[in-house]
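Asks: One structure follows; several queries about it will come next.
The values are calculated or read from the model by the stated rules, or taken from the named source; none is laboratory data. As the structure is a computational prediction, the values presented were derived from the model and not from experiment. Here Cβ is always computed from backbone atoms with ideal geometry, including for glycine, and neighbour counts include all displayed protein chains. For the accessible areas, the whole protein counts, side chains as well, though only heavy atoms, and no ligand, DNA or RNA atoms are used. Shrake-Rupley method; radii C 1.70, N 1.55, O 1.52, S 1.80 Å.
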Amino acid sequence: MISRAACFGNITTFVNMLPTKHIILPTCGDDCSLMRSLLMLTILVTYGCAESLAQRKIVVCDIETKIPLRGVAVVVPSLYTDTTDYQGICHLPASFTEATFTRAGYLGYTMQEATAVDTLMLLPAMNSLTEVTIWGKDRRTESIMMFSEAAKAAAAQMPRQSSGASFDFANMLDRRGRRDKAHLKKAKEVLREWDAKK
């Protein structure tokens, strides 16, 4: 059996190694060693709490009702298992590859570390279908096809203009079109002059 003095001796040795300018302790003999032991115990407990805080906190809820789910099994392969509490809260390790969330009546979900979220919504199993097949016609494409066929038939029945002149109101308002016509006319004249010189 390890004596109390041997146990506190190791703690006291560690506390004695700490820089004293940051820690103010009274110098009072045996009370000092007791206070140093308590200080060391406080440091160890604080360190242990910090380690437990290095976890991810996740809330698991029902996707339809948004109510937290109790009793969801959380499994990180070969590392960690947990279940959610009455608030739907569970904790995951700070680093993991994937975590699987399962509960009776709900579809299971596997979450990768890269896509980890703070709130996870599980889908009830009764709302899942394995396959859905829809038979029918798309009325929108059918009506568009009928309209385009009617427009083609109406265009075919329209009399064609036999003269070379046509009227286009939009072309009258287009400055660029008039400029391009003038430019084309000048270019044709220059080409005719070059052809005449040869």
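Asks: Counting only DSSP beta bridges with both residues in the range 57-162, what percent are antiparallel, rounded to the nearest 5? Spell out each step's value before the answer.
Replies: On the way: 16 of 20 bridges.
Counting DSSP beta bridges with both partners in the range 57-162, the antiparallel share is about 80 percent.
Asks: Sort 146-155, 59-68 for me by packing, meaning the mean count of neighbouring Cβ atoms within 10 Å per residue, highest on top. Kindly include the intermediate steps, with their values, before the conclusion.
Replies: Values: 146-155: 9.6, 59-68: 14.2.
Per-residue Cβ counts within 10 Å, averaged per peptide and sorted highest first, yield 59-68, 146-155.
Asks: Continuing with the same structure: I'd like to check one number: the per residue accessible area of the range 67-109, probe 1.4 Å, reported in Å² as a whole number.
Replies: 55
Asks: A follow-up question, please. How large is ³J(HN,Hα), in whole Hz, for each residue of the range 78-85 in order, when computed from phi with the Karplus curve 6.51 cos²θ - 1.76 cosθ + 1.60 and θ = phi - 60°, using x for Gly and Pro?
Replies: These are the phi-based 3J(HN,Hα) values: 6, 10, 7, 9, 7, 10, 6, 8 Hz.
Asks: Further question on the same structure: Please list 3J(HN,Hα) in residue order for the range 93-106, calculated via the Karplus relation 6.51 cos²θ - 1.76 cosθ + 1.60 where θ = phi - 60°; whole Hz, with x for glycine and proline.
Replies: Values per residue, Gly and Pro as x: x, 4, 10, 7, 8, 7, 10, 10, 10, 9, 7, 4, x, 10 Hz.
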